[in-house]
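Q: This is the structure I have questions about; it appears just below.
The values are calculated or read from the model by the stated rules, or taken from the named source; none is laboratory data. Small disclaimer: the values here were computed from a predicted structure and weren't measured. Reconstructed Cβ throughout: ideal geometry from the backbone, glycine too, with neighbour counts over all protein chains shown.
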Amino acid sequence: MPTQLNFKTFSLCLILLLGWLALIPAQSSAADEWEAITVEPNQDKGILSSLSSFGQKLGFGNSNQGSFIPPEQAFILSADVADDYHLTVRWDITDGYYLYRDKFRFELIDADGISIQAFELPLGEEKHDENFGLMAVFYNEIEIKLPLQRDNTQATEITLQVRYQGCAEAGFCYPPMKQLLTLSLPKATGPPPAADTTSNRNNFVSEQDKYANSLAQDSLLLSMLSFFGLGLLLTFTPCVLPMVPILSSIIAGEGSNITTRRAFFLSLTYVLAMALTYTVAGVIAALFGSNLQATFQNPWVLGSFSAVFVILALSMFGFYELQMPRVIQNKLANLSNKQRGGSYVGVAIMGLLSALIVGPCIAAPLAGALIYIGQTGDAVLGAAALFSLSMGMGAPLLLVGTSAGKLMPKAGPWMNTIKAIFGVMLIGIAIWMLERIIPAAAGMALWGILLVVCAVYLGAFGHLQPEASGWRKLWKGVGIVTLIYGGMLLIGAASGSKDPLQPLASAYHGNNAGQTTQQHGLVFKQIKGLDGLQQALQLAAAQNKTVMLDFYADWCISCIQMEKKTFSDSGVQTALADTLLLQADVTLNDAQDKELLKTFGLFGPPSILFFDPSGQELPTFRLMGFIDADGFKTHIKAVQTL
């Protein structure tokens with residue numbers, strides 16, 4: 001009986017395997033044959049439909065490929081030497097087929113002393129593509145002129161590597177294609193032509209696209225080093241900086257007996273968990289269009305995580321020693337001594353949750369890696385870049401955590417002071433996170449209460465003896481200042497103020513404070529979903545106005561930075577005076593918000609799109625991540641030169 005059962009099982013597995021192999025198209029060893037990807041109509045049929053569509057994008061299940069012509073016939077590629085310093089690349093595109101504007105890549109192979117300079121692409125036509133959303137595409141023909149930088153002026157042969165991708169209107173898409181073309185360059189007899197500044201203005205490449213292009217062109221080692229360096233810069237942004245007190249409090253919570261070695265491994269565990277989470281979440285967002293970090297920005301998750309921080313903070317103040325029975329403390333201590341590895345598991349979980357909850361904002365390097373994965377499907381290189389970026393973000397955390405273990409004071413009053421400081425930091429992070437889901441006035445009130453309590457501990461109300469030390473007098477002075485500012489925050493919260501930097505603005509200006517604050521920033525017209533956007537674009541077209549669409553969320557710290565530091569700039573407001581300003585608030589991350597983000601291939605806020613007066617998006621000028629006022633004004637000027 002067991003033998004018969006095993007044979008049946010084996011037969012069933014064999015049938016399933018053969019059925020799976022039947023779905024896989026035959027692979028050819030010839031270099032000039034191509035795979036194709038069938039594009040299904042965009043119908044939401046649940047998770048099975050999503051997995052099927054994803055498999056088709058990878059080249060499986062292309063049952064309709066027989067009715068479409070080979071790509072070398074659909075897109076006839078040719079190239080020639082225009083002059084000593086220019087190449088011309090041309091595609092003749094068959095009727096019913098099109099090429100994507102942002103999929104072109106050019107590279108010279110083994111061409112020492114010769115390189116391709118920045119070049120200009122035609123704008124193309126806007127198309128809502130079933131694969132990638134709203135895209136710029138080319139029909140019929142496309143010609144691109146490539147300027148050359150020539151340190152080698154002798155006559156030579158060069159090999160031009162061209163990458164591109166196209167689809168058929170009937171619902172069939174080819175994978176990214178690559179061709180090698182051999183060209184004979186003549187001897188350069190004259191000086192290189194002067195740069196065309198007009199073309200350079202129009203040949204604008206957004207920051208995130210530069211990062212995506214670098215992944216496509218640079219070596220693996222260079223890409224990883226570049227993204228590691230970018231991660232180091234991101235450490236000092238508001239989306240990453242709060243992780244410093246989180247990790248430091250974990251080290252401080254270990255007590256005065258922690259060794260430098262243990263502090264290093266605890267920090268490394270936290271950083272690796274954070275980096276792996278960023279990497280996995282990024283790949284999922286790029287391949288499936290589902291941003292896990294945005295999913296975790298809901299009141300229940302943020303409230304629970306804030307409660308965890310408060311619980312950890314109370315332990316720093318020693319409350320658990322007063323409240324927890326001695327028997328339970330002894331049992332927990334014995335369990336901890338026997339299973340030291342449990343601390344590492346807890347630290348890893350904290351690193352994972354920190355990556356998902358603390359810093360969900362999009363930055364240009366992160367967006368560049370996600371764009372590369374989404375366009376090429378190369379999850380391996382994209383994941384390597386994301387991991388390097390995350391490790392760059394975590395390197396300062398590793399340094400801070402290890403040094404905290406080395407500099408931690410010995411047991412005594414100093415140790416209690418250090419723990420109290422980190423306890424205050426943890427409560428501050430809890431309030432900082434709650435500000436995403438509670439009214440601004442309530443957040444100000446919580447900050448005011450925290451500062452008043454801190455002032456009490458600093459001795460603001462205590463009697464200062466004449467013989468008190470200089471340090472004691474200094475801390476009392478700090479306590480009094482903290483008490484005053486905390487009181488101002490409480491008064492401001494009670495009077496309806498929303499700005500902690502100007503807590504008494506409402507009390508001073510009266511009921512018009514909100515209007516006064518609004519006048520200092522850009523005034524956006526709120527839209528919801530694709531229908532709301534289309535209505536606003538039609539209104540702009542009737543008025544012959546360009547449009548700027550800002551994606552915002554309450555939980556996006558970089559969005560708030562943009563409002564305070566960029567949109568409040570008078571130069572920015574002047575530059576956008578004739579532009580219709582739209583804003584899509586995606587705080588809820590509901591179905592309409594997800595549909596709008598997915599339509600434009602966005603991964604989350606902050607993201608800014610620009611549209612011409614006809615309502616067509618200018619995809620080259622997309623912005624992702626925070627940008628300061630000067631950079632934003634330069635960007636606006638580049639848009640307005642079109």
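Q: Given the residues Leu181, Leu221, Leu185, which is the only one that is out of contact with any helix residue (DSSP H, G or I) (no Cβ under 7 Å at 6 or more places or on another chain), at pLDDT 80 or above and within 14 Å of Glu107 (Cβ to Cβ)?
A: Values: Leu221 fails: within 14 Å of Glu107 (Cβ to Cβ); Leu185 fails: within 14 Å of Glu107 (Cβ to Cβ).
Going through Leu181, Leu221, Leu185 in turn, just one is out of contact with any helix residue (DSSP H, G or I) (no Cβ under 7 Å at 6 or more places or on another chain), at pLDDT 80 or above and within 14 Å of Glu107 (Cβ to Cβ): Leu181.
Q: Then there is this: Among the residues of region 165-176, is there at least one that is of a type outside the set (Val, Ile, Thr), under 28 Å from Leu99 (Cβ atoms), at pLDDT 85 or above and loosely packed, with under 13 Cβ neighbours inside 10 Å?
A: yes
Q: Given Ser199, Ser206, which one is of a type in the set (Gly, Ala, Ser), in contact with a Phe, Trp or Tyr (Cβ under 7 Å, 6 or more places away or on another chain), modelled with pLDDT under 70 and not assigned by TED's automatic domain parsing to the domain that holds Leu366?
A: Step by step, each of Ser199, Ser206 is checked, and only Ser206 is of a type in the set (Gly, Ala, Ser), in contact with a Phe, Trp or Tyr (Cβ under 7 Å, 6 or more places away or on another chain), modelled with pLDDT under 70 and not assigned by TED's automatic domain parsing to the domain that holds Leu366.
Q: So, in region 333-357, of the ones that are at pLDDT below 70 and part of a helix (DSSP H, G or I), which residue ends up farthest from the chain's Cα centre (by Cα)?
A: The initial filter retains those residues of region 333-357 that are at pLDDT below 70, namely 333-342.
Applying the additional criterion that residues be part of a helix (DSSP H, G or I) yields 333-338, 341-342.
On the way: Ala333: 41, Asn334: 43, Leu335: 40, Ser336: 38, Asn337: 40, Lys338: 41, Gly341: 33, Gly342: 32 Å.
Here the residue is Asn334.
Q: On to the next question. So how many residues does region 443-458 have that are under 32 Å from the mean Cα position of the chain (by Cα) and more than 24 Å from Ser354 (Cβ to Cβ)?
A: 2
So that you can scan it fast, the table gives a plain yes or no per residue for (1) touching a Gly at 6+ places or on another chain (Cβ under 7 Å); (2) part of a helix (DSSP H, G or I); (3) modelled with pLDDT under 85:
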{"site": "Leu581", "(1), (2), (3)": "no, no, no"}
{"site": "Gly601", "(1), (2), (3)": "yes, no, yes"}
{"site": "Leu609", "(1), (2), (3)": "no, no, no"}
{"site": "His635", "(1), (2), (3)": "no, yes, no"}
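Q: Hey, among the residues in region 282-308 that are under 12 Å from Leu353 (Cα atoms) and surrounded by 15 or more Cβ atoms within 10 Å (Cβ to Cβ), which one's modelled with the highest pLDDT?
A: Result: Ser306.
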